[in-house]
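I have placed the structure first, in the form of structure tokens, so that the comments after it can refer back to it.
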Amino acid sequence: MPRLPRLAAAATAALAFGVVAAAPATGTEPVVTDARIAAHFGLAAGQTPDNIALEPDGSADLTLAYARQVAHVTPEGQTRIGATLPAVAHPDTPLVHKAVVTGIARAHDGTLYVNYATGTSRTGIWRLAPGEEPEQIAPLPANGYPNGLALDEHRGVLYAADSVLGTVWRVPQQGGPATVWARDTALEPLTGASAGGCGANGLKVHRGAVWVSNTDRGTLLRIPVGQDGSAGRAETLARGLAGIDDFAFTGSGRTVVAALNKANQVVLVRRDGSHAAALGQQDGLSNPTSVAVLGRVVYVPNAAYFTRKDPNLLLARLRERGDRL
């Protein structure tokens with residue numbers, strides 16, 4: 001892969017993008033500006049950036065879905081392939097019929113966890129420990145499609161959203177059998193000729209709850225985590241988010257930045273469930289799949305699944321209205 005443009009101040013220091021500055025305060029109206037493409041990827045090689053985890057220094061770990069790879073982009077603008085998941089003979093993954101690497105989560109010690117969907121016994125959660133080969137730590141149903149992934153190190157568990165089976169799985173961080181943590185109609189895909197077949201998709205752990213997007217239903221859900229770790233009742237907090245993929249929180253509050261894949265939009269979803277466009281195709285979006293936020297920097301991987309043009313990593317600045325930083 002060619003050398004990437006420098007991520008510059010967006011990933012290294014509090015300069016133009018102000019990484020170490022605080023994110024917009026709760027209760028204010030954030031806006032997203034100054035979008036630019038920081039990295040381009042090879043569509044022909046299957047380098048479709050699907051999901052993202054951030055390192056403390058602002059570098060990014062990206063799953064390249066159809067290449068079955070995890071790429072690391074350093075603050076200095078260098079990139080390398082950190083891992084390639086093993087090839088699978090005759091993959092039969094629901095929806096895509098190919099082996100794909102989807103969600104990614106990072107532990108504080110640098111260990112990465114990814115979802116690998118294959119339609120075979122290799123479907124599940126895989127661990128990428130520094131200096132070691134990828135290792136499957138939890139199988140998941142071959143007829144499912146594990147998508148969003150999040151780690152709760154406080155409880156020592158991983159959560160994975162299954163887009164086909166309408167389920168949130170829970171797995172011990174050290175590995176072991178997966179258990180159904182939440183299963184609900186609100187997590188399921190729609191049925192019928194017009195349905196896309198993709199239900200629960202993006203997933204985050206935030207303020208005592210697991211938040212999940214549903215692509216087919218265009219919704220954002222909040223599932224409280226009980227004191228015993230069990231799932232509470234799913235609450236729909238936002239609707240009308242057609243084609244929502246993964247998302248991120250702008251800070252400690254409930255404001256969300258979400259990727260709308262087919263619409264080529266990134267939207268701000270407010271606490272009351274209303275939403276407004278923040279970025280569009282004119283900013284360089286090409287089927288955005290996920291979002292990450294570090295300080296005032298917004299990272300948006302674009303997989304170009306439908307546009308078939310320019311898979312990339314886009315960076316933008318998060319600020320409050322009237323903020324001239």
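The values are calculated or read from the model by the stated rules, or taken from the named source; none is laboratory data. Because the structure is predicted, anything quoted here is derived from the model rather than measured. Cβ atoms come from the backbone with ideal geometry, glycine included; neighbour counts cover every protein chain shown.
A few points about this structure:
- Of the criteria (1) buried (at least 23 other Cβ atoms within 10 Å of the Cβ); (2) touching a Leu at 6+ places or on another chain (Cβ under 7 Å), which one ARG319 fails: (1)
- Enumeration of residues in segment 41-55 that are closer than 10 Å to ALA303 by Cβ and either hydrophobic (A, V, I, L, M, F, W, C) or not in a strand (DSSP E or B) (or both): PHE41, LEU43, GLN47, THR48
- Within segment 63-103, the set of residues being closer than 20 Å to GLY42 by Cα, modelled with pLDDT of 95 or more and among the hydrophobic types (A, V, I, L, M, F, W, C) comprises LEU64, ALA65, ALA67, VAL70, ALA71, ALA83, LEU85, ALA87, VAL96, ALA99, VAL100, VAL101.
- Criterion (closer than 24 Å to GLN281 by Cβ, in contact with a Phe, Trp or Tyr (Cβ under 9 Å, 6 or more places away or on another chain) and not hydroxyl-bearing (Ser, Thr, Tyr)) met by exactly one of ALA60, ALA83: ALA60
- Matching residues, segment 257-293, being of a type in the set (Val, Ile, Thr) and in contact (Cβ under 8 Å) with a residue 40 or more places away in the chain: VAL257, VAL266, VAL269, THR289, VAL291, VAL293
- Positions within segment 218-253 being part of a loop (DSSP other than H, G, I, E, B) and in contact (Cβ under 8 Å) with a residue 60 or more places away in the chain, in sequence order: GLY229, THR250, GLY251, SER252, GLY253
- For segment 123-174, a tally of residues being touching a Phe, Trp or Tyr at 6+ places or on another chain (Cβ under 9 Å) and either within 14 Å of TYR113 (Cβ to Cβ) or in contact (Cβ under 8 Å) with a residue 40 or more places away in the chain (or both) returns 30.
- Of the residues making up segment 217-233, just one is surrounded by 21 or more Cβ atoms within 10 Å (Cβ to Cβ), within 19 Å of HIS275 (Cβ to Cβ) and in contact with an Asp or Glu (Cβ under 8 Å, 6 or more places away or on another chain), namely LEU221.
- Within the set VAL267, VAL210, the sole residue that is β-branched (Val, Ile, Thr), within 27 Å of ILE137 (Cα to Cα) and part of a strand (DSSP E or B) turns out to be VAL210.
- Residues (crowded, with 16+ Cβ neighbours inside 10 Å and in a loop (DSSP other than H, G, I, E, B)) located in segment 68-95: ARG68, THR74, PRO75, GLY77, LEU85, VAL88, PRO91, THR93, PRO94, LEU95
- Scanning segment 166-186 turns up one or more residues that are among the acidic types (Asp, Glu), crowded, with 16+ Cβ neighbours inside 10 Å and on the phi < 0 side of the Ramachandran plot.
- Candidates LEU285, LEU260, LEU315, filtered to the one that is under 16 Å from the mean Cα position of the chain (by Cα), under 30 Å from LYS98 (Cβ atoms) and at pLDDT below 95: LEU315
- Scope segment 268-287; condition aliphatic (A, V, I, L, M), surrounded by fewer than 23 Cβ atoms within 10 Å (Cβ to Cβ) and touching a Leu at 6+ places or on another chain (Cβ under 6 Å); matching residues: ALA276
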